[in-house]
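Visitor: Got a structure for you, questions after.
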Amino acid sequence: MDIIGTSLKRVDAFDKVTGKAKYTPDLIPPHALVAKVLHSTIANGWVKEFDLSEAWKVEGVVDIVTCFDVPDIQFPTAGHPWSTDPKHQDIADRKLLNARVRCYADDIAAVIAEDELAAEEAVRKIKVTYEEFTPILTMEDAMKEGAITIHEEKPNNVVVKSAYEVGSFEEAIKEAGLTKVVGDYETPIVSHCHIESANSFAYMESGKIVVVSSTQIPHIVRRVCSQALGVGFGDIRIIKPYIGGGFGNKQDALTEPLNAYLTTRVGGRPVVLAYTREETFACTRTRHAMKFHIESYVRKDGSFAARSIKAYSNQGAYASHAHALVANAVNGFRMMYPVGAIKGEAYTVYTNLATAGAMRAYGIPQIGFALEAHVDDIAKQTGLDPLKLRTQNMMKLGYVDPMTTITCHSTGLEECIQRGEQYLSYTKKREEYAKQTGPIRKGVGMAIFCYKTGVYPISLETSACRMVLNQDGSLQMQIGATEIGQGADTVFAMMAAQTIGLTMDKIHVVSKQDTDVTPYDTGAYASRQTYVSGMAVKKTAESFRKKLLEFAGFMLKKDPWDLDIKENYIVHTNKDEHLLSVADVAIESCYSLTNSTHIAAEESHHCTDNTYSFGVCYTELEVDIPMCQIKILDIINIHDSGKIINRQTASGQVHGGMSMGLGYGMYEHLKFDPKTGRMLNDNLLDYKLMTAIDTPELHADFVETDDPTGPYGNKSLGEPPTIPVAPAIRNAVLNATGVAINAIPLHPERLFNAFTEAQLI
Amino acid sequence: MAKKDITCTVNGKVRTYSVDVRESLSDMLRGQAGLDSIKHGCDVGECGACTVLIDGKPFNSCIYMAIWAEGKEIITLEGLSDTKGALSDIQQAFIDEGAVQCGFCTPGFIMASIPIISSETESSREEIRRQISGNLCRCTGYENIVNAIEKTQKKRIAEKKSK
């Protein structure tokens, strides 16, 4: 019975198409109080004084809390596993409310009221006196000599600087006959745009603070709340129901720490802290804007002799995930083409923009754009074939990364490249399209990527699972890993069914995480769950199966080793005759007058390995030069994510990632007022999130490998599909027009400037 | 603030609600009728997660005043399943085609698709895409949503022809 590898329907789909699935806002108790945050109207400075007199007069106001009232504790918000080594701990650089204002719309006070309207009115009536400094919006300004310090712990505004070198770059470039290719590339600040905004509600019960939240990382949020309030981990309980998307934004403590504090101010009454769409844009997290300077030295045969990269990452106001992203980016630069001498240097810089954090693929969409644009620039400058350049230099099976030791245990990348070439007739069309003239031209482009699976060896991630037998032979399964829309519950149920020998209808996944009840797991990020948490599910299923068979052996007076479970029945190993049903075993185990026992299993797994997934995007498009518009004619992503657990949900992940990549490449960017630092397009009308009519038909395909380190041969899949799309589009525009555009999104304004400069219009 | 009694038909039943005159239809239906399928993604009519049918047409219920609902016939996602809970064809198609991921936009998309699947003539995929462009989804890239709507429309038209 093969369940793994089929296209089973999602276990949560019925509840989601009937409206029965409960999200945080659906669980708010009646008569909950409502909190609203007062956000600063300056981007850089100090709150000197509040005048609360008018705000207190608003009927229904219960409490007003300002930055001068909150605990004097700085805490980190990043959704990383905690490090017990102080050197590796996340940067603790914010309080629940902050007197030192570091971005426009910083959190400086909060009102708790009987209803939303009263809370909003009171917030509007708070008068603030500021000491205002000029906002620092660019990394160049932040790093200038004498620039105002945004966080006193980092006087020059550089959060972290790091560097590495593999081989000797200076020696390598002395080789005769090398072609030097130089490029500067830039990626924008974008927003996650999960359709459910950041929101939570908090109350006190049994002496604990309970926060119900739309989060990807309940166990981490518990730790962050405990740090922020200065209470024990066990004094906080986080409950995570269904969530309306996260994409990394909810891999951060957002509303929860302040919400946890606010309920303590009102005797534990329920308090709702739900951000509006505008607050979700401006006051949660963004994707880091990055700038890259790349130099490559290429031999005549196309092999890379030496490469270097300098990367700058705009952190915005608070550290959040900080340097981890740009470090990941410059590591990705090395890993993708690990040949010749390579050196990298990376800076993460505080500015007064909105805080950047994790977003789908964690720094790799940024480097993916720069690096894959650069490879096509090498092809253009040297006349070499882009596919051959990539195939020749890219990571191969058995590669061990010298800095991280992450090993290439399996790769289907070459086949991904070939399959895409065949799908699009890329090489033939590329030659043909390069000769075009006239206002409307076609182009083809492609890009590749590699992506890790989980975070080892930076952290030893732990995952746990619990299975409990019901008297009818079905089981409850609890996992600390979270369903955030990607289909985690479904693939975990498939893993359990396959490993135990049950049919899918016998597996009941408890989707909700409750840190008081659910086994530990760090949560949904790093495309880790099928790989890291999947192993915990497998181990628990094996342990559970063993216990079932032991009891069946007792009932049948047979050696459990001679027994097996097939489709809910106990059978002799390698035979199909039903000896007992699992339901018979279950009821006897519970009610036996001599040997009753509760069959349950719980196992945890810590992941001591990592592996790379790979993939490509190929696209064909049409550029209308005078209109400065791009129309996608065809686009396909082909992925090696190891063994595919569920083809339908896997394809869904690829579609969604491609869509996000299309937006990144063509439409999306957050804009800020250069004078005030205020975010200008903090809504779904002005921020160009693609609708269905803007989206081309999306094609997804897989080259399946069997990774020896994955629990079922599987590797990362959730984040990667978004990586190669933007550079593939950019490279197709280069093919169509001969114009190399080194920044995204490729919106009409950028195309106009580039085509004007190239004298095409 | 002033209150007003509003009588309307919600999922086939005539009901009267006492509403704040400033209240949105979505707040009335979530707050007083317990119809939690209606989701708020923006509160200003940008995302479509709150889409309901009013006299057969899809509306963003977050920017439709509750007091405008007087005498109207409103259908929400909860009204699509039959009284015993059996799914409608479009709900089943969303499951079968893998059109559901996080599920937050799903109720709105299903409601926005009702006029399309009720059409007498087949729509092109482009026409389907245009008609659901008032609804935003960040998970699916719309691909499987369009598939679910297209298949359901084709199936319904074929069924009508065979009758």
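Each reported figure results from applying straightforward, stated rules to the coordinates on display, with no laboratory input. Here the structure is a predicted model, which means the values were calculated and not measured. With ideal geometry, Cβ positions are generated from the backbone for all residues, glycine too; neighbour counts draw on all protein chains shown.
Visitor: Given Cβ point charges of +1 (Lys, Arg) and -1 (Asp, Glu) and nothing else, what value in debye, to the nearest 20, does the dipole of the protein assembly as shown about its Cα centre take?
Guide: 740 debye
Visitor: Same structure again: Along the charge dipole of the protein assembly as shown, which of A:LEU670, A:MET335, A:ILE195 sits closest to the positive end, that is, farthest toward it, with unit charges on the beta carbon of Lys, Arg, Asp and Glu (+1, +1, -1, -1)?
Guide: The residue sitting farthest along the positive end of the dipole is A:MET335.
Visitor: Exactly which trypsin sites (Lys or Arg not before Pro) in the stretch A:385-431 are in a DSSP loop and have at most 14 other Cβ atoms within 10 Å? List each step's numbers first, then the result.
Guide: Details: sites: A:LYS388, A:ARG390, A:LYS396, A:ARG419, A:LYS428, A:LYS429, A:ARG430; in loops: A:LYS396.
In loop regions of the stretch A:385-431 (DSSP not H, G, I, E or B), the sparsely surrounded trypsin sites (Lys or Arg not before Pro) are A:LYS396.
Visitor: Follow-up. Fewest first, what order do A:GLU697, A:GLU461 take by the number of other Cβ atoms within 10 Å?
Guide: A:GLU697, A:GLU461
Visitor: Using a 10 angstrom Cβ neighbour count of at most 15 plus a DSSP loop assignment to flag exposed GluC sites (Glu not before Pro), which longest range of chain B is free of such sites? Show your work: numbers first, answer last.
Guide: Values: sites that count: B:GLU70, B:GLU120, B:GLU122.
Result for the longest clean stretch: B:1-69.
Visitor: Counting partner chain Cβ atoms within 10 Å of every residue's Cβ in A:685-694, what's the average?
Guide: The mean count of partner-chain Cβ atoms within 10 Å per residue comes to 6.
Visitor: Another one. If neighbour count is taken as other Cβ atoms inside 10 Å, put A:ASP682, A:ASP301 in order from fewest to most.
Guide: Neighbour counts put them in this order, fewest first: A:ASP301, A:ASP682.
Visitor: Would you mind calculating the relative contact order of the stretch A:36-102 from Cα pairs under 8 angstrom and at least 6 residues apart, reporting the percent as a whole number?
Guide: Relative contact order here is 45 percent.
Visitor: Right, something else. Quote the Stokes-Einstein diffusion coefficient, in whole µm² s⁻¹, for the stretch B:4-163, based on the Kirkwood radius over alpha carbon pairs, a temperature of 4 °C and a viscosity of 1.567 mPa s.
Guide: Working: Rh = 16.0 Å.
It diffuses with D of about 81 µm²/s by this estimate.
Visitor: Across 5 Å bins from 0, what is the distribution of all Cα-Cα pair distances for the stretch B:3-79, in whole percents?
Guide: 3, 19, 32, 29, 14, 3
Visitor: Shifting gears a bit: State the Cα centre-to-centre distance between the stretch A:137-181 and the stretch A:1-68 in whole Å.
Guide: The two parts, judged by their Cα centres, are 39 Å apart.
Visitor: The stretch B:40-70 to the stretch A:278-348: how many Å between their Cα centroids?
Guide: 44 Å
Visitor: What net charge do the residues around B:ALA69 carry, taking every other residue with its C-beta under 11 Å from that of B:ALA69, with Lys and Arg at +1 and Asp and Glu at -1?
Guide: -1
Visitor: While we're looking at this one, here's another question. Over chain A, what is the mean sequence separation of C-alpha contacts under 8 Å (at least six apart), divided by residue count, expressed as relative contact order in percent?
Guide: 16 percent
Visitor: Still on this structure, please answer the following. Debye sum, Cα scatterers, the stretch A:87-172, no solvent: what log₁₀ I/I(0) at q = 0.20 1/Å?
Guide: Rounded to two decimals, the profile gives -1.06.
Visitor: Something else: How many partner chain Cβ atoms sit within 10 Å of a residue's Cβ in peptide B:92-99, on average, as a whole number?
Guide: The shielding value for this peptide is 5.
Visitor: With unit charges on the beta carbons (Lys and Arg positive, Asp and Glu negative) and the dipole taken about the Cα centre of the protein assembly as shown, which residue among A:MET690, A:LEU680, A:LEU548 sits farthest to the positive side?
Guide: Positive-end residue among those listed: A:MET690.
Visitor: Which entries of A:LYS547/A:LYS575; A:LYS300/A:LYS343; A:LYS16/A:LYS688; A:LYS87/A:LYS539; A:LYS127/B:LYS4 have Cα-Cα distances beyond 29 Å here?
Guide: Table pairs above 29 Å Cα-Cα are A:LYS87/A:LYS539; A:LYS127/B:LYS4.
Visitor: Check cross-link reach from A:LYS22 to the lysines: straight Cα distance under 16 Å, and skip same-chain residues fewer than eight apart.
Guide: Once the sequence-local lysines are set aside, what remains near A:LYS22 is A:LYS240, A:LYS512, B:LYS39.
Visitor: Relative contact order for the stretch B:89-162: what is it in percent, counting Cα pairs under 8 Å that are at least 6 residues apart? Walk me through the numbers on the way to the answer.
Guide: On the way: 74 pairs, mean separation 36.1, N = 74.
Dividing the mean separation by the residue count of the stretch B:89-162 yields 49 percent.
Visitor: Distance between Cα centroids, the stretch A:407-438 to the stretch A:674-732: provide it in whole Å.
Guide: 19 Å
Visitor: Expressed as cubic angstrom per residue, what is the convex hull volume of the alpha carbon set of the stretch A:577-684?
Guide: 317 Å³
Visitor: So how compact is the stretch A:461-606: Cα radius of gyration and Dmax in angstrom?
Guide: Final numbers for Rg and Dmax: 15.4, 49 Å.
Visitor: Filter the trypsin sites (Lys or Arg not before Pro) in the stretch B:2-34 down to the DSSP loop ones having no more than 13 other Cβ atoms within 10 Å, then list what survives.
Guide: Filter output for the stretch B:2-34: B:ARG22.
Visitor: Hull surface divided by four, with the convex hull built on the Cα atoms of the protein assembly as shown: how many nm²?
Guide: The directionally averaged projection comes out at 41.4 nm².
Visitor: log10 I(q)/I(0), Debye, Cα-only the stretch A:540-638, no solvent, q = 0.13, 0.23, 0.25 Å⁻¹?
Guide: These q points yield log10 I(q)/I(0) values of -0.61, -1.15, -1.27.
Visitor: Further question on the same structure: Apply the Karplus parameterisation 6.51 cos²θ - 1.76 cosθ + 1.60, with θ equal to phi minus 60°, to every residue of the stretch B:3-16 and state each ³J(HN,Hα) to the nearest whole Hz, in sequence, with x for glycine and proline.
Guide: 10, 9, 8, 10, 10, 8, 9, 10, 6, x, 10, 7, 9, 10
Visitor: I've got another one for you. So if R0 is 56 Å, what FRET efficiency would A:GLU567 and B:GLU122 give, r being the distance between their Cβ atoms, rounded to the nearest 0.05?
Guide: Plugging the Cβ-Cβ distance into 1/(1 + (r/R0)^6) gives 0.85.
Visitor: Given the Cα-Cα distance of A:TYR164 and A:ASP673 and 0.36 nm per residue of separation, how much length would full extension add, in nm?
Guide: Length gained between A:TYR164 and A:ASP673: 179.6 nm.
Visitor: Please report the Cα spread of the stretch B:89-162 along all three principal axes, rounded to whole Å, starting with the longest.
Guide: Each principal axis gives a Cα extent; for the stretch B:89-162 these are 37, 22, 17 Å.
Visitor: Would you mind giving the three semi-axes, in whole Å and largest first, of the ellipsoid equivalent to the stretch A:641-700 according to its Cα gyration tensor? Show your work: numbers first, answer last.
Guide: Numbers: eigenvalues 203, 32, 15 Å².
Equivalent ellipsoid semi-axes, largest first: 32, 13, 9 Å.
Visitor: Please compare each pair in A:LYS506/A:LYS715; A:LYS250/A:LYS291; A:LYS250/B:LYS13 to a cut-off of 28 Å on the Cα-Cα distance and tell me which ones are over it.
Guide: Exceeds cut-off: A:LYS250/B:LYS13.
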